[in-house]
Structure formats: C-alpha cells, structure tokens
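Q: Here you go, one structure.
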Amino acid sequence: SKKIVLQEDATLPAAVKAKIGNLTPLRSKRIRTSGWVHRLRDQKEIIFVVLRDGTGYLQCVLSGQVAQTYEALTLTLESTIEVIGTLKTVPDGQTAPGGHELVVDYWKVLGASPGGEDAFTNKLNEKSDPSIQADLRHLVLRGETASAVLKLRAALLTAFRQTLIEHDLLEVTPPCLVQTQVEGGATLFKLDYYNQPAFLTQSSQLYLETCLPSLGDVFCVQESFRAENSHTRRHLSEYTHLEAELAFITFTDLMDHIEAIICETTNKLLQNPASAALIKQLNPTFTAPERPFLRMSYVDAIKWLNEHDIKHEAEDAEGNVIRDESGSPVMVEHKVGDDIAEAAERRMTDILARPMFLYGFPTELKAFYMKKMPRDGAAGPTFTESCDLLMPGVGEIVGGSMRIADEEELLAAYKREGIDPAPYYWFTDQRKYGTCEHGGYGLGVERFLAWLGKRFTVRECSLYPRCATFMFV
Ligand code: 4AD
C-alpha cells in the first residue's frame, strides 16, 4: 500500500494555540494544542484520541487520510502529539470532556511512547505490589485519580491561604534545618551541619512564636520531618505541615479559630466549580461538616472508650505488648494517663461519625511547651490546654495547644523533659521581652486531603511520599 504523508492545508485559517482547559471560547475556530494520548479507540476507520495536557482532556477525531498515516496506525498510549483542527460542540446525545471535540485536519507525533512489552499499560498493570507502585509513582501520577488528588491538593492550599489571610494571618517561611526539637527527640532526623549536630524540622511552631511580636498572627506551609513508624495509613517521614500561631487568645478562641479555618476553607472549595468537581469525582458523598464541632475532654474520652468496650493492648514497663499463651495481645480497659492509640481513636471517630476536638491531654503525654490547665483541686494529674481535631475515616488531622507564657514555668518544663535550655535561648526570650498568652496548631495537609478526597492512605496525597519502608522516585 502507498504510504500516506499528511500535509497541512495552507488555505485553512491560521490555528490559535491554546491549552485544553481554555478551549471553550474557541469553539467553531481552528485551534492547535499538544498533549499526551490518554485514551485511544479505533472505530471503523475513525480514531478517537482523548488528549491530556494537565489542564483537561480533549476528544480528538481523526478520520479519512488523517487516520491512515503510518503514525496513525502505530499510535500508542502516552505518546505526545500536536493536533490541529476545528473545535466543534458535540452532537446532542453525545458526551465528551468539556462538551466539545476536535475534528483534526493535521497532526503529528512529537514523542512516540513504546508499544508491546514495554507499553505504558503493561508497565503499570503487571505490578500491584505497593512498593513497586511507589517505584512507578512518576507514571501512576498520569492517571485520572492520582492527578485529581494533586489538583485538589493545589486548590486546598490556595483556599487555606485565602482563609488564613482573611483572618489577618501573615505567611512566613521558617527554616527546615534546625538545632532544636519540638515534638520529642525520638522522631528527629539527625544530620551533620558543618561538623555540628542539626536536625530536619519537626514543626515550625517555635519560629512562628518568635514572629508574633513583629508580624502579628502568622502561618506557614512548610515540610516537617518525622523519623517514626510510617507503616500506618496516616504517617509519612516527610509531610506538608500547615501551622499557625495567634497572640492574645484563650484556649476556646483557639478551638473556635481552627473550626472556622477548616469550615471556611472547605466551603471555598465547594463553592469553586473546579475544586467542587474534583471533590465530587474523588468523594461523591462528601458534605461540608456541621458546626460547631463536638468537643470532648480527654477524661470524658477515656470514659467513652470504656463505655463502648474499646480496649487497648496491655504493655509492660518497657512498652512491649503483653501476650497471652496463644500469643494474642492482652486487651485492657483505658485509664486516665493512657495514650489513646490510633486504633481506639479511629474507632471512636468512626462511631461518632463527625469531626470532633479531643482536648485537655495529660501533661506527661504532651510536648514540653504546652500550657497547663488550671488544676482541679490540689492532688491528681495535670492536664494541658491542648487539642487534637479528629475526622471520621482519618483520625487526627490537627494538633494544637496554648503555649507556656511564663519564663520560669518554661525553664521548669525543659528540665522535666531533660532538654538543654541553651539552644532554646531565643524561644525563652519570647517570655522575657514582653510575654503574651498565645497558641497555635499544625494541620497535616496530606491527612486533610485524605479526609476531603476519601483516600485510603496519606501516601496517595503526597506528590512523592517518603516512608520508613521506601523512598524510590
Ligand atoms: O500533633 P503534631 O505533632 O503537632 C505539632 O507538631 C505542633 N508543634 C504543631 C503546632 O502546634 N504548630 O502534628 C500536627 C499535625 C498532626 O495533627 C498531623 O495531622 C500531622 O501534623 N502529622 C503528620 N502527618 C503525616 N505524617 C506524620 N508522620 C505526621 N505527624 C504529624
């Protein structure tokens, strides 16, 4: 058969170059655009290509000579092509992304993707092992679900920033290389900093606190690093941490603020058609949470767990799980002073099925900087003005607290935790040069996204997740 070589018809009107997402105003015009072959269907001499460029999807119709070239007959998924043609509204009763399709009069391959053994779909399908999926994350991202999650992530970061700015918070960018711990030495990533010990930041909180006297209320969106058991559905070794700090507030103000930020951000996302469509695609039954959120004290939560027969694994003094003769863990009731473990917390949020603040955790369980609640009588344990916001399906997405405002009390807290106060001199100075009642919180962006977009694990909510078990791409 004779080889057909396509020639662009010079008598046609000049084509306007545009991205797929911007085509609607160009209907009935001749346009050109480029992208990746997302779907490919051959039907009686007509080739239907769905083209993808990140801004959207475009159905392209190739027919006649346009569909009979060697390139057309050997076209593969994920090849890059440029297409030129007339943009037409799809006929009644038919659907296509954007409501239009491109009737192609000229096109060319820019970068062919392999077929056969090495074809894109083969590569993705044959391997379902999660670690191999992680290895192929750069290809998985091309899928409709993974890319929708990342688009929603971008939208929610923008919406959070808008909401925080509306609440008069200023964005700052604290450092990642630090010489102080915030959330305990056990989860620090240590590194050598010009022959001095340093860490990757666990939280920007301490730096945000230093901004209050000069910048007022502040927030940041910064990576935090935790060397911890990240085999769970909600732990990463590196995650995006949205943190905020507010001056001259009470503990109640803090919880009211967190609730307002979450709800106003969620409403913005639902009101914007593009992000609303992404939420509908990923989480079709999503509805905005009702206010006010439930607020339950830690002590009441312990009671609630026992009333609902939710137990935890018994541990010995070294923290090892105690097992019976058959090897199963011994389950025991919760008591005041116990950490509420992930499994119990998850069951509680699943039963209550609504966002809730758990507040007032025992001092021993919490970080050194947290303000204590006024003591209820002379004896007994002390509790902190701390709160976790728990969401159904995910569990804790926000951790916050009021901070110790008094210098002496802070020095005593360093001592209790065995922390050398020397490298914290600048943090202590905040209490010396005009202290104030203040508090703040950190929100795990991947956890919030897992809740909003109904993802099974936070790994799906990160561009390139880092976990204890792998760091491939
Ligand atoms: O509760 P955390 O440890 O609180 C702090 O770091 C405070 N200093 C924040 C502050 O007050 N400025 O962490 C806050 C949130 C958690 O609620 C969770 O959503 C997220 O950070 N987070 C993680 N997300 C993914 N992987 C991990 N390993 C995480 N650890 C915490």
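We did not get these values from a lab; they are worked out from the coordinates using the rules stated. It should be emphasised that the depicted structure is a prediction, and the values quoted were computed from it without experimental measurement. Here the Cβ is made from the backbone with ideal geometry for all residues, glycine too, and neighbour counts use every protein chain on show.
Q: What percent of all Cα-Cα pairs in the chain falls into each 10 Å bin, going from 0 up to the bin containing the maximum distance?
A: Whole-percent P(r) values from 0 Å outward: 4, 16, 23, 21, 15, 10, 7, 3, 0, 0.
Q: Then there's this: Considering every pair of different Cα atoms, what Kirkwood radius, in Å, is found for region 325-473? Write out the running numbers ahead of the final one.
A: Values: mean 1/r = 0.0551 Å⁻¹.
Over region 325-473, the inverse of the mean reciprocal pair distance is 18.2 Å.
Q: At 222 nm, what value in deg cm²/dmol follows for the chain if DSSP H runs of at least 4 each add -39500 (n - 2.57) and the sum is divided by all its residues, to the nearest 500?
A: Theoretical 222 nm ellipticity from helices: -8500 deg cm²/dmol.
Q: Moving on. With θ set to phi - 60° and the Karplus curve 6.51 cos²θ - 1.76 cosθ + 1.60, what are the ³J(HN,Hα) couplings of region 138-144 in order, to the nearest whole Hz, using x for Gly and Pro?
A: Running phi through 6.51 cos²θ - 1.76 cosθ + 1.60 with θ = phi - 60° gives 4, 8, 4, 4, 6, x, 5 Hz.
Q: May I ask you to work out the translational diffusion coefficient for region 16-116 at 20 °C, viscosity 1.002 mPa s, via Stokes-Einstein with Rh from the Kirkwood sum over Cα pairs, reported in whole µm²/s?
A: This corresponds to a translational diffusion coefficient of 160 µm²/s.
Q: Also: Considering only DSSP beta bridges whose two residues both sit in the chain, what percent are antiparallel, to the nearest 5?
A: Expressed as a percentage, antiparallel bridges in the chain total about 85.
Q: Here's something else I'd like to know. On a 0 to 90° scale, report how tilted helix 342-352 is relative to the longest principal axis of the chain, with both axes built from alpha carbons and the result rounded to the nearest 10.
A: Once rounded, one gets 80 degrees.
Q: How long, wide and thick is region 82-142, going by the Cα atoms along their three principal axes, in whole angstroms, largest first?
A: Cα spread of region 82-142 along its principal axes, largest to smallest: 44, 27, 18 Å.
Q: From the phi angles alone, apply the Karplus equation (6.51, -1.76, 1.60; θ = phi - 60°) to region 79-90 and give each ³J(HN,Hα) in whole Hz, x where the residue is Gly or Pro.
A: Listing the rounded values in order: 5, 9, 9, 10, 10, 10, x, 9, 8, 10, 5, 5 Hz.
Q: Could I ask something else about it? Provide the packing ranking of 437-446, 371-380, 14-23, i.e. peptides ordered by the mean count of other C-beta atoms within 10 Å per residue, highest first.
A: Highest to lowest by the protection proxy: 437-446, 14-23, 371-380.
Q: Could you check the simple spin-label distance between Tyr425 and Lys29, using points 7 Å along Cα→Cβ, in nm with one decimal?
A: Between Tyr425 and Lys29, the simple spin-label model gives 6.4 nm.
Q: With angles folded into 0 to 90 degrees, how steeply does helix 251-271 sit against the dominant principal axis of the chain? Use alpha carbons for both and round to 10.
A: Between the helix axis and the principal axis of the chain, the angle is about 10 degrees.
Q: Evaluate the Debye formula for region 206-349 with equal point scatterers sitting on the alpha carbons, no solvent, and hand back log10 of I(q)/I(0) at q = 0.08, 0.12, 0.15, 0.17 Å⁻¹, in q order, two decimals.
A: -0.38, -0.84, -1.18, -1.30
Q: Please find the FRET efficiency linking Ala317 to Ala119, where r is the Cβ-Cβ separation and R0 is fixed at 56 Å, and quote it to the nearest 0.05.
A: Calculated transfer efficiency: 0.45.
Q: Now, a different point. Can you grab the distance from the C-alpha centre of region 403-452 to the C-alpha centre of region 169-195, Å, no decimals?
A: Computed from Cα coordinates, the inter-centre distance equals 13 Å.
Q: So, one more: What ranking do 343-350, 242-249, 165-172 get when scored by the average of other Cβ atoms within 10 Å per residue, highest first? The partial results should precede the final answer.
A: Numbers: 343-350: 17.5, 242-249: 21.5, 165-172: 14.4.
Highest-to-lowest ranking by the protection proxy: 242-249, 343-350, 165-172.
Q: Another question about this same structure. Between region 357-376 and region 235-266, what is the C-alpha centre distance in whole Å?
A: First find each Cα centre; the distance between them is then 17 Å.
Q: Return the percentage of antiparallel bridges among DSSP beta bridges fully within region 16-116, rounded to the nearest 5 %.
A: Of all bridge pairs located within region 16-116, approximately 85 percent are antiparallel.
Q: Given +1 on the Cβ of Lys and Arg, -1 on the Cβ of Asp and Glu, and no further charges, what dipole in debye does the chain carry about its Cα centre, rounded to the nearest 20?
A: It works out to roughly 2340 debye.
Q: Moving on. Could you give the angle, 0 to 90 degrees to the nearest 10, between helix 205-215's Cα long axis and the longest principal axis of the Cα atoms of the chain?
A: Result, in degrees: 90.
Q: If I model a spin label as a point 7 Å beyond the Cα along the Cα-Cβ vector, how far apart are those points for Leu463 and Gln271 in nm?
A: Computed distance between label sites Leu463 and Gln271 equals 2.9 nm.
Q: Still on this structure: Before anything else, pin down the relative contact order of the chain: Cα pairs under 8 Å, at least 6 apart, normalised by residue count, whole percent.
A: 13 percent
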